[in-house]
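No value in this document is a laboratory result; all are computed from the given coordinates. Remember, predicted model here, so these are calculated numbers, not experimental data. Glycine gets a Cβ as well: all are built from the backbone with ideal geometry, and neighbour counts include every protein chain shown.
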Amino acid sequence: MAAGEEDAQGIVDKARVTLGELTRDDNYKWMKEHLKDAKGVLIYPQVLKAGFIFGGSAEPVSSCRGMAKRGLEQPAFYTMGSVSFGLQIGGESAEVVLLVMTQKAMDSLLTSKFKLGGDASVALGPVGGGAKSDVTADFLSFAKSKGLYAGLNLDGSYIDVRESLNKAYYGQAVTPVDIIVKHSVSNKGADPLREELKKAK
């Protein structure tokens, strides 16, 4: 495995662990129960307190409109960065899952770069026992740091495509449209993540 593909696979593997940890945590029961309603999910294994997220993967869920009878999609790679994160997290880093709740949000992931809170709305997802929500937003964020809810405010952050990781993982230059819509490429290394998502939803 080439170095670039190995780096990308490492992110996919960590994303699987992050998703598993949050979906098995009762505090994130609402998130797990509503995965089936999401059009996709962004998983960031590590948000650094310096204000940048290194790597990540996006995995559209199979139950979104038009995809119910199709297998879970291959992951596309993104990065997120901002100097204005609401960094009310307990440790030096946090794990983050973003549920893609609207078609507008899904469409934004097919572009090269967009701003949370500007091009697409983002809100904190409900957590804790008996969590109920009338929150409506394009993206709902859930974050965990040192085993505790992190309350990470991502308003003002930018999400951008990691072209180098997509190319390394699939062995050719591809866009999110190629990966998510056209299904032009695949990598068996993503199978454990796809299975984790299938179990969670």
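Annotations for the structure displayed:
- Modelled label positions at His183 and Asp134, each set 7 Å beyond Cα in the direction of Cβ, lie 4.0 nm from each other.
- Within segment 99-201: Cβ-based charge dipole about Cα centre, in debye rounded to nearest 20 (Lys, Arg +1; Asp, Glu -1): 320 debye
- Cβ-based charge dipole, segment 1-44, positive-most Cα from Gly40, Gln9, Leu19: Gly40
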